[in-house]
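A.B. asks: If you scroll down you'll find the structure; I have some questions about it.
The values are calculated or read from the model by the stated rules, or taken from the named source; none is laboratory data. Treat the numbers as computed from the prediction; the structure is a model and nothing was measured. Every residue, glycine as well, gets a Cβ built from its backbone with ideal geometry; the counts of neighbours run over all protein chains shown. Note: accessible area is taken over every heavy atom of the protein model, side chains too, but ligands, DNA and RNA are not part of it. Shrake-Rupley method; radii C 1.70, N 1.55, O 1.52, S 1.80 Å.
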Amino acid sequence: MIYLSCADTAKLIRTALKESFPGVKFAVRSSVYAGGASIDVAYTNGPTYDQVKTVTSMFVGAYFDSSTDYRGSVYNSLDGEEVRFAANYVFISRKFSKIVLEILVDASCKYYGYATPAIVDSGFGAQISDQVDYETNRRMMDSVGKASACETHYSPTLARVAFLGDDGYGQGCVGRLAA
């Protein structure tokens with residue numbers, strides 16, 4: 001079995017994202033800490049959260065079952081050989097530029113019949129002004145979050161990875177599949 005460090009796993013994720021979404025800049029950072037490791041992926045505009053999660057989920061080395069407070073193992077293969085990815089989790093953060101958020105919110109407001117709110121540019125990306133009630137903000141951000149500026153391309157790096165199963169202990173787990 002091959003053991004890939006969190007940093008090596010982050011390199012594979014970076015390459016797979018670059019291949020899957022050409023032209024989109026991703027910040028991929030690995031963190032190792034007592035009891036585990038994780039990778040943070042951040043980007044602006046571009047693909048949806050779900051599109052990015054489809055790519056990154058293949059490189060996760062663990063899962064968490066909150067109903068039993070259990071962290072279990074995920075098994076994968078890389079180039080046909082069993083591998084353990086050191087990153088227990090991959091966290092994804094999508095931000096929007098002010099101009100893109102203005103266009104998307106305006107379209108959402110027209111659809112729902114809302115007045116278009118002001119968009120403010122904070123140090124953490126563009127955001128809808130605080131003058132919008134929670135439900136309106138939720139509806140707008142839900143439709144904005146589904147907007148994608150790109151399609152997913154074939155990734156040779158992602159094609160090298162296969163899911164073999166998990167340890168089978170958590171709720172909804174599939175158990176380790178025979179190789």
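A.B. asks: How about the stretch 56-81: which of its residues are touching a Gly at 6+ places or on another chain (Cβ under 8 Å) and without any contact (Cβ under 8 Å) to a residue 12 or more places away in the chain?
C.D. replies: Listed by number, the list is empty, since nothing qualifies.
A.B. asks: May I ask you to list the residues in the stretch 18-44 that are of a type outside the set (S, T, N, Q), touching a residue at least 60 places away in the same chain (Cβ under 8 Å) and assigned to a helix (DSSP H, G or I)?
C.D. replies: The initial filter retains those residues of the stretch 18-44 that are of a type outside the set (S, T, N, Q), namely 18-19, 21-29, 32-37, 39-43.
Restricting the remaining residues to those that are touching a residue at least 60 places away in the same chain (Cβ under 8 Å) gives 19, 21-24.
Matches in the stretch 18-44: 19 only.
A.B. asks: Kindly check whether there is at least one residue in the stretch 65-87 that is open to solvent by 50 Å² or more (accessible area, probe 1.4 Å) and closer than 19 Å to residue 27 by Cβ.
C.D. replies: No: zero hits.
A.B. asks: Can you find, within the stretch 8-38, the residue that is farthest from the chain's Cα centre (by Cα) among those that are of a type in the set (Ser, Thr, Tyr) and open to solvent by less than 30 Å² (accessible area, probe 1.4 Å)? Spell out the reasoning first.
C.D. replies: Let us first name the residues in the stretch 8-38 that are of a type in the set (Ser, Thr, Tyr), namely 9, 15, 20, 30-31, 33, 38.
Cutting the leftovers down to open to solvent by less than 30 Å² (accessible area, probe 1.4 Å) gives us 9, 20, 38.
Details: 9: 14, 20: 13, 38: 12 Å.
Filtering first and then ranking leaves 9.
A.B. asks: Find all pairs meeting these conditions: Cβ atoms under 7 angstrom apart; at least six residues apart or on different chains; first residue within the stretch 104-119 and at negative phi and touching a residue at least 24 places away in the same chain (Cβ under 8 Å); second residue among the polar types (S, T, N, Q) and not in a helix (DSSP H, G or I).
C.D. replies: From the stretch 104-119, the pairs are 105/116; 109/116.
A.B. asks: Any idea which of 159, 149, 178 is open to solvent by 80 Å² or more (accessible area, probe 1.4 Å), at pLDDT 75 or above and among the aliphatic types (A, V, I, L, M)?
C.D. replies: Going through 159, 149, 178 in turn, the sole match is 149.
A.B. asks: Within the stretch 115-126, take every residue that is part of a loop (DSSP other than H, G, I, E, B) and either of a type in the set (A, V, I, L, M) or open to solvent by 60 Å² or more (accessible area, probe 1.4 Å) (or both) and give me the one that is nearest to residue 93 (Cα to Cα). Steps first, answer last, please.
C.D. replies: In the first step, residues of the stretch 115-126 are kept if they are part of a loop (DSSP other than H, G, I, E, B); the result is 115-118, 124.
After this cut, where a residue has to be either of a type in the set (A, V, I, L, M) or open to solvent by 60 Å² or more (accessible area, probe 1.4 Å) (or both) as well, the list is 115-116, 118, 124.
On the way: 115: 27, 116: 25, 118: 22, 124: 11 Å.
It comes out as 124.
A.B. asks: Turning to a different aspect of this structure: Criterion first (at pLDDT below 95, within 20 Å of residue 125 (Cα to Cα) and crowded, with 19+ Cβ neighbours inside 10 Å) does residue 46 satisfy it?
C.D. replies: So residue 46 fits the description; yes.
A.B. asks: Moving to a separate point now. Got at least one residue in the stretch 91-99 being modelled with pLDDT of 80 or more, more than 25 Å from residue 45 (Cβ to Cβ) and of a type in the set (Phe, Trp, Tyr)? Walk me through it before giving the result.
C.D. replies: Taking the stretch 91-99 as the starting set, the residues that turn out to be modelled with pLDDT of 80 or more are 91-99.
Going one step further and asking which of them are more than 25 Å from residue 45 (Cβ to Cβ), we end up with none.
For the stretch 91-99, residues modelled with pLDDT of 80 or more, more than 25 Å from residue 45 (Cβ to Cβ) and of a type in the set (Phe, Trp, Tyr): absent.
A.B. asks: Here's a follow-up. Give the stretch 88-97 a look and list any residue that's within 15 Å of residue 13 (Cα to Cα) and crowded, with 16+ Cβ neighbours inside 10 Å, or say none.
C.D. replies: Scanning the stretch 88-97 gives 88, 89, 90, 92.
A.B. asks: Restricting attention to the stretch 127-146, which residues are among the basic types (Lys, Arg) and surrounded by fewer than 16 Cβ atoms within 10 Å (Cβ to Cβ)?
C.D. replies: Residues satisfying the conditions are 138, 146.
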